[in-house]
Amino acid sequence: MKISKKGEYALKALVELAINHDKGETITLISDISERENIPPKYLEQILLHLKNAGILVSKRGVGGGYSL
(Lines give C-alpha, C1' and ligand atoms only; values in the text may rest on other atoms or scores of the structure.)
Protein backbone atom coordinates (compact mmCIF):
# COMPACT_ATOMS: atom_id res chain seq x y z
CA MET A 1 0.00 0.00 0.00
CA LYS A 2 1.27 3.46 -0.88
CA ILE A 3 1.03 6.25 1.70
CA SER A 4 1.35 9.92 0.80
CA LYS A 5 4.22 11.99 2.15
CA LYS A 6 1.74 13.90 4.30
CA GLY A 7 0.43 10.64 5.75
CA GLU A 8 3.95 9.36 6.36
CA TYR A 9 4.94 12.57 8.16
CA ALA A 10 1.75 12.46 10.25
CA LEU A 11 2.50 8.89 11.34
CA LYS A 12 6.10 9.75 12.18
CA ALA A 13 4.96 12.72 14.27
CA LEU A 14 2.34 10.64 16.10
CA VAL A 15 4.91 7.94 16.89
CA GLU A 16 7.31 10.59 18.18
CA LEU A 17 4.56 12.07 20.38
CA ALA A 18 3.67 8.60 21.70
CA ILE A 19 7.31 7.85 22.55
CA ASN A 20 7.66 11.17 24.37
CA HIS A 21 4.39 10.55 26.21
CA ASP A 22 5.71 7.18 27.44
CA LYS A 23 8.84 8.95 28.69
CA GLY A 24 6.65 11.27 30.77
CA GLU A 25 7.03 14.29 28.50
CA THR A 26 3.52 15.64 28.05
CA ILE A 27 4.37 18.47 25.64
CA THR A 28 6.59 18.15 22.56
CA LEU A 29 7.82 21.04 20.41
CA ILE A 30 7.37 21.07 16.65
CA SER A 31 11.06 21.88 16.27
CA ASP A 32 12.02 18.72 18.22
CA ILE A 33 9.84 16.47 16.07
CA SER A 34 10.99 18.20 12.90
CA GLU A 35 14.65 17.79 13.76
CA ARG A 36 14.44 14.15 14.86
CA GLU A 37 12.23 12.97 11.99
CA ASN A 38 13.66 15.20 9.21
CA ILE A 39 10.32 16.86 8.44
CA PRO A 40 10.14 20.48 7.23
CA PRO A 41 8.85 22.49 10.24
CA LYS A 42 6.28 24.58 8.33
CA TYR A 43 4.80 21.48 6.70
CA LEU A 44 4.76 19.65 10.04
CA GLU A 45 2.97 22.60 11.61
CA GLN A 46 0.17 22.28 9.05
CA ILE A 47 -0.09 18.52 9.60
CA LEU A 48 -0.22 18.84 13.39
CA LEU A 49 -2.83 21.59 13.14
CA HIS A 50 -4.97 19.28 11.00
CA LEU A 51 -4.59 16.48 13.59
CA LYS A 52 -5.47 18.94 16.36
CA ASN A 53 -8.63 20.03 14.55
CA ALA A 54 -9.56 16.36 14.15
CA GLY A 55 -9.34 15.92 17.93
CA ILE A 56 -6.31 13.60 17.85
CA LEU A 57 -3.85 16.06 19.42
CA VAL A 58 -3.97 18.80 22.01
CA SER A 59 -1.90 21.95 21.72
CA LYS A 60 -0.63 24.45 24.27
CA ARG A 61 0.37 27.95 23.23
CA GLY A 62 3.08 30.18 24.60
CA VAL A 63 6.19 29.45 26.62
CA GLY A 64 6.40 25.74 27.30
CA GLY A 65 3.86 25.11 24.58
CA GLY A 66 3.71 22.41 21.96
CA TYR A 67 1.64 19.34 21.12
CA SER A 68 0.61 16.25 23.02
CA LEU A 69 -1.64 13.24 22.56
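The values are calculated or read from the model by the stated rules, or taken from the named source; none is laboratory data. Here the structure is a predicted model, which means the values were calculated and not measured. Quick reminder, even Gly has a Cβ in these numbers, built from the backbone with ideal geometry, and neighbours come from all protein chains shown. The area values use the complete protein model at the heavy-atom level, side chains included, leaving out ligands, DNA and RNA. Shrake-Rupley method; radii C 1.70, N 1.55, O 1.52, S 1.80 Å.
Worth a mention:
- Sparsely packed loop sites in the chain (the trypsin sites (Lys or Arg not before Pro) outside DSSP H, G, I, E and B with at most 12 other Cβ atoms within 10 Å) comprise Lys2, Lys23, Arg61.
- Among (1) 11.7, 38; (2) 11.3, 40; (3) 10.8, 31, the entry that matches Rg and Dmax of the Cα atoms in Å as calculated here: (2)
- Net dipole in debye of the chain [+1 Lys, Arg Cβ; -1 Asp, Glu Cβ; about Cα centre; nearest 20]: 260 debye
- At a probe radius of 1.4 angstrom, the accessible area of the chain per residue rounds to 70 square angstrom.
- Its DSSP H runs of at least 4 residues, each contributing -39,500 (n - 2.57), put the calculated 222 nm mean residue ellipticity of the chain at -18000 deg cm²/dmol, to the nearest 500.
- Averaging the sequence gap over all C-alpha pairs within less than 8 Å and six or more residues apart, then dividing by the number of residues, gives segment 25-69 a relative contact order of 46 percent.
- Heavy-atom accessible surface of segment 1-67: percent carbon and sulfur, 1.4 Å: 56 percent
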